[in-house]
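Quick notes on the structure that follows.
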Amino acid sequence: MKSVYTFRRALINCVGMAFVAGLSLFLLVYVGHGEAKRTYQQFQVEKLVAQGQIIQKTMDTFLRGGHPVSQFVGFHTKVGSILASDQSIAAMGVFDRSGEAVFAGGLDSVPLLPESHDMPGSTPNDTDLREDDRYLQVVLPLRNRFEQVGSLAVTTPKQIIAEEVMAKFKPLFLIAAISAAGFGMFVAIGAPFLTGRRERWLQYVYALTFLGVSIAVIATLIALYSDGAQSKTKALADSLGERLNSIVTFGLNITEIEGLDQVIDDYQRLNPDISAAGLTVDGIVQIHTDRAAVGKHWRAEPRVYEYVVDLTRPGGRDIQIAVATPADIVYRQIIRSVKNFTAVFVASAFAAGIFLQLAGSVRRARSSGDAADSPPPPDDPEESDLKLVKPVFFIAIVAEHLSYAFLPQFMYQVVENSGMHAGSVSLIFMAYYLSFALSLVPAGHFAQHFSPRPLMYMGLCLASVGLGLLVLEPNYYVVLLARAVSGIGQGMLFIGVQSFILATAAENRKTQGAAIIVFGFQGGMISGMAIGSLLVTQIRPEGVFALAALMAALMALYTVALVPRVSSRTLLDPNHGGSLQVLFRDLGKVLRNFEFLRTMFLVGVPAKAVLTGVVIFGLPVLMTQANYAQEDIGQILMVYAAAVVLASGHASRAVDHSGKTVSALFFGCILSGVGLIMIGLIGWGPVANQADSSVAMTLLLIAGVAIVGIAHGFINAPVVTHVANSELAAATGETSATAAYRFLERIGHVAGPFIVGQLFIFSNRDPMVVTWIGAAIALLGVLFILKPTTAQASYS
């Protein structure tokens, strides 16, 4: 008998799917809004600099004559014309060396703001960018022949920038809401038909929905950035015109003044976004940054923003200054935004996949409560239970990894503020991994005798507490405690999820159950680092920690409400690896086996040490040192996780087909060494000292990180198979051998940050340290493949 598709079930489908899509789309628009605000602010800052240079140039000429700042005449007249033409400028003021106001135009109440050492963005030349809660301020120096005698401050309210950006983005939030509702309606209407192969249409429509909103966001960014670029071009032209206006004012023949070409060349050098600048007299180019254009009519180039300042006096010759900036400055910013949107799409795709399955399971679970004549849901209870637990592990990993793109830098700042030695940073990372490892055995013992469900929600609560402590401007010892608590929570959760899967999955679904752990960790790592690295620039580290703590707490409530309790009798197994006595007995056996120790210390432990020491701890530090943006750090770390996911499937199939685990592990070690060597080369002189080394460094980083990820894909699963197929496993049992290996390989997790941290101290954070680590890893791979001639130690 066919199932009745009721209006209630259609409504549940619609609301659930609209909510899932809405989260992703609103995240996309929110990230786009942050990108727009940051980039548009940079355009405005550069415009303020150009406007300030108009006054600065005039005053510097006066001051070089030996006159004091207070005797300058005409400040209010010149500033008044600028303020009248640009409503975004709230005030322009001159301050002496002590910071006292000398002249003020616009709002008299805006003082010289204190210096900001951590301001995002950049300003040309030797200008400063300062801010408080209400204003952005560009400060330009005023100098006489010998020294700086004062400052010129140009101030704009932050609210103006925020309002201009929000005015463009308000329609996008409505578009996102309509698109999410449309996706929900599509699922609600098409649910009876989206079965079998047609389920793929759900993914296609979701991707198209995301793509459509992305195009709308990009179009908005182009319009906004174009406005910013044009206002900047106008300000640059006005500034250059002011420099030459005095010549025309005094009635001099501008074509007979020597050195004007050098003035325009210097102006282009100081403002590298200018693609062309020139002076025309009666329509003929007299001076141009491109000497081939001199003597010809001024010709506007395609794909540029151009602004012309008319310097003509009444009855005089037609004199104009033209400045052009390339439209590419807009599209360079757009490309960066597209890169960030791609990261959001990948992250949301993982999350959407999880929650689409979850919504289906919840829907089918509820449908079982429908009319008595309705047939049972198509999924059996075991499969539904597995889908219910998927979000628990995935969201927990996302919450933990939201901060990984900036966590090492944050820890260094905490250590510095606490007056501790820089080497103490590695102890914070060790605290997390050591607490994680030590929590596994007692958690396994609890799961064996009771139920895994309390481990899940208690672990999530501890993870939430640990992340929440980081919001409170903590000192070193609070951070150490917070990471230890998070480690215990994540360890409990891991054992809880693993035990739940083992207890509920049928024999023919054990692989699907194991895939929840693999997918949850790698997918959660990718999603967390992608989203966190984009959000940190908008809500700061404290906001990211608060969001992560909230996510963990909500998933604890979800676990209590929806994850079913598993009977302890299902789990009780005297040979289960979670038993303390069994584990210690197995450790005594494996630690006397030479081949096991070779595998662990030449392959497994070094791979985990590279993961935690280099990828998670060292790489963000080195990239921050090289002035990479937070989102770039998170996205390069994403490359590692994605490479692991892609390589793991291929490596697992190849090893299962050939049975050659030794070759796979050797290949993984050599490949890991090569990738690490490439990463370290960003500190090598011939690369680092190139005129334009940023492109070469980025390519080396991406390639190196990808190769390390591929290498770990050839190690993570095959090394467990290698242990399971060993003579030791045949004697002690496959489960005992692999459980002991899984426990002992966490030595690498704990040791990695400590080793890399100490090497950073001795080398002053020289990236070449990573190259030497890569050489060591490759050497260990060679030692692993060289079979010893001595007999293995007895395992009995």
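The values are calculated or read from the model by the stated rules, or taken from the named source; none is laboratory data. No experiment lies behind these values; they were computed from the predicted model shown. So basically every Cβ, Gly included, is an ideal-geometry build from the backbone, and we count neighbours across all protein chains shown. Heavy atoms of the whole protein, side chains included, go into the accessibility calculation; ligands, DNA and RNA do not. Shrake-Rupley method; radii C 1.70, N 1.55, O 1.52, S 1.80 Å.
Worth a mention:
- Within the range 360-414, being at pLDDT below 70 and in a helix (DSSP H, G or I) holds for 360, 361, 362, 363, 364, 365, 366, 367, 381, 382, 383, 384.
- The range 612-671: number of residues that are among the basic types (Lys, Arg) and touching a residue at least 12 places away in the same chain (Cβ under 8 Å): 0
- Qualifying position, being at pLDDT 85 or above, in a strand (DSSP E or B), open to solvent by less than 10 Å² (accessible area, probe 1.4 Å) and out of contact with any Cys (no Cβ under 9 Å at 6 or more places or on another chain), among 92, 59: 92
- Inspection of the range 747-770 finds no residue satisfying the criterion of being closer than 26 Å to residue 592 by Cβ and more than 30 Å from the chain's Cα centre (by Cα).
- When residue 15 is tested against the conditions (1) open to solvent by 40 Å² or more (accessible area, probe 1.4 Å); (2) touching a residue at least 24 places away in the same chain (Cβ under 8 Å); (3) aliphatic (A, V, I, L, M); (4) over 30 Å from residue 343 (Cα atoms), the lone failure is (4).
- Matching entry among 704, 713, 757 (being crowded, with 23+ Cβ neighbours inside 10 Å, without any contact (Cβ under 8 Å) to a residue 40 or more places away in the chain, out of contact with any strand residue (DSSP E or B) (no Cβ under 7 Å at 6 or more places or on another chain) and in a helix (DSSP H, G or I)): 704
- Near pairs, Cβ below 8 angstrom, 6+ apart or cross-chain, from the range 137-148 (more than 13 Å from residue 96 (Cβ to Cβ) and part of a loop (DSSP other than H, G, I, E, B)) to any residue that is at pLDDT below 90 and not aliphatic (A, V, I, L, M): 145/64; 145/66
- Residues in the range 659-674 that are open to solvent by 60 Å² or more (accessible area, probe 1.4 Å) and within 16 Å of residue 724 (Cβ to Cβ): 660 alone.
- Selection status of residue 479, modelled with pLDDT of 90 or more and surrounded by 15 or more Cβ atoms within 10 Å (Cβ to Cβ): yes
The rows are residues; the columns are (1) surrounded by 13 or more Cβ atoms within 10 Å (Cβ to Cβ); (2) within 27 Å of the chain's Cα centre (by Cα); (3) part of a helix (DSSP H, G or I).
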residue	(1), (2), (3)
209	yes, yes, yes
215	no, yes, yes
218	yes, yes, yes
222	yes, yes, yes
225	yes, yes, yes
230	yes, no, yes
235	yes, no, yes
241	yes, no, yes
263	yes, no, yes
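- Subset of the range 113-135 that is in contact with a Pro (Cβ under 8 Å, 6 or more places away or on another chain) and crowded, with 17+ Cβ neighbours inside 10 Å - its residue that is modelled with the lowest pLDDT: 127
- When 605, 615 are screened for being aliphatic (A, V, I, L, M) and touching a Phe, Trp or Tyr at 6+ places or on another chain (Cβ under 8 Å), only 615 passes.
- Condition met for residue 256 (open to solvent by 60 Å² or more (accessible area, probe 1.4 Å), farther than 22 Å from residue 126 by Cα and at pLDDT below 80): yes
- Of the residues 739, 664, 703, the single one that is aliphatic (A, V, I, L, M) and closer than 24 Å to residue 404 by Cβ is 703.
- Taken together, the residues in the range 152-166 that are in a helix (DSSP H, G or I) and either free of Cβ contacts under 8 Å to residues at least 60 places away in the same chain or in contact with a strand residue (DSSP E or B) (Cβ under 7 Å, 6 or more places away or on another chain) (or both) amount to 3.
- Within the range 71-89, the set of residues being of a type outside the set (A, V, I, L, M, F, W, C) and either within 16 Å of residue 112 (Cβ to Cβ) or in a loop (DSSP other than H, G, I, E, B) (or both) comprises 74, 86, 87, 88.
- Pairs with Cβ under 6 Å, 6+ apart, first in the range 446-457 and closer than 11 Å to residue 392 by Cβ, second open to solvent by 20 Å² or more (accessible area, probe 1.4 Å) and assigned to a loop (DSSP other than H, G, I, E, B): 453/565
- When each of 109, 85, 98 is tested for being at pLDDT below 80, exposed (fewer than 12 other Cβ atoms within 10 Å of the Cβ) and either touching a Cys at 6+ places or on another chain (Cβ under 7 Å) or hydroxyl-bearing (Ser, Thr, Tyr) (or both), the lone residue that passes is 109.
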